[in-house]
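Colleague: What follows is a structure written as structure tokens; I'll ask about it next.
Values quoted throughout were computed directly from the atomic coordinates according to the rules given, and no laboratory measurement underlies them. Note that the structure is a prediction, hence the values are computed from the model and not measured. Positions of Cβ are generated from backbone atoms using ideal geometry, with glycine treated the same way; all protein chains shown enter the neighbour counts.
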Amino acid sequence: MKHDEFTLYDLKVEVIASDKPMVCSHKEGDYFLVIGENLVFPQTTSFSMYSLAALLPLLPAKQRELHENDWMLSDSVIACPDPNCGARFKITRIGKRTFSHADCTVEDIYKGNED
Ligand SMILES: [Zn+2]
């Protein structure tokens, strides 16, 4: 690994069913990918913005190495924010990708607490 490289997990976020019917526009099996900073929609051309809003805060954490005791590592099924909707969204790590710090930011590599 070069001096400025780091790794992130690629993610797949897939609509899964539960015992309640879905009331939004989700369809079981719909999915998108998270690759670096990008959301990639290879299979569907639309995705609920309300569901996306519920998912977005979790994605950067799921991309990164986590402590084995961290609940963010074990919990991977997220409910639709509509309380009447049975849709669930499963976040799966599907691979690892290497990035260069210099390709991602113009900031210097962090050297410790500078406060
Ligand atoms: Zn829903």
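Colleague: Fully extended, how many nm does the chain gain between Asn38 and Val23 (0.36 nm per residue separation, minus their Cα-Cα distance)?
Modeller: Values: separation 15, 0.36 × 15 = 5.40 nm, distance 2.75 nm.
Length gained between Asn38 and Val23: 2.6 nm.
Colleague: Same structure, new question: Calculate the dipole size of the stretch 1-46 relative to its Cα centre from +1 charges on Lys and Arg beta carbons and -1 charges on Asp and Glu beta carbons; express the result in debye to the nearest 20.
Modeller: Once rounded to the nearest 20, the dipole reads 140 debye.
Colleague: Next question. Could you work out [θ]222 nm for the chain from helices alone, using -39500 (n - 2.57) per DSSP H run of at least four and dividing by all its residues? Round to the nearest 500 deg cm²/dmol. Numbers along the way, then the final one.
Modeller: Details: 4 runs with 19 residues, N = 115.
Estimated from H runs of four or more residues: -3000 deg cm²/dmol.
Colleague: Could you tell me which of Ala54, Gln43, Tyr9 has its Cα farthest along the dipole of the chain towards the positive end, charges placed at Cβ (Lys, Arg +1; Asp, Glu -1), taken about the Cα centre?
Modeller: Of the listed residues, the answer is Gln43.
Colleague: Same structure again: Would you list Met49, Met22 from fewest to most Cβ contacts within 10 Å? Mind showing how you got there, number by number?
Modeller: Numbers: Met49 7, Met22 18.
Lowest count first: Met49, Met22.
Colleague: Which is the longest part of the chain that has none of the trypsin sites (Lys or Arg not before Pro) sitting in a DSSP loop with at most 10 other Cβ atoms within 10 Å?
Modeller: Answer - 3-110.
Colleague: Starting from 0.36 nm per residue, how many nanometres of slack lie between Arg97 and Met49 once their C-alpha separation is accounted for?
Modeller: Numbers: separation 48, 0.36 × 48 = 17.28 nm, distance 2.67 nm.
Net length gain for the segment: 14.6 nm.
Colleague: Could you give the C-alpha radius of gyration of the chain expressed as a fraction of 2.2 N^0.38 Å, taking N as the number of residues it contains? Let's see the in-between values first.
Modeller: Details: Rg = 16.5 Å, N = 115, 2.2 N^0.38 = 13.4 Å.
Scaled against compact globular proteins, the figure is 1.24.
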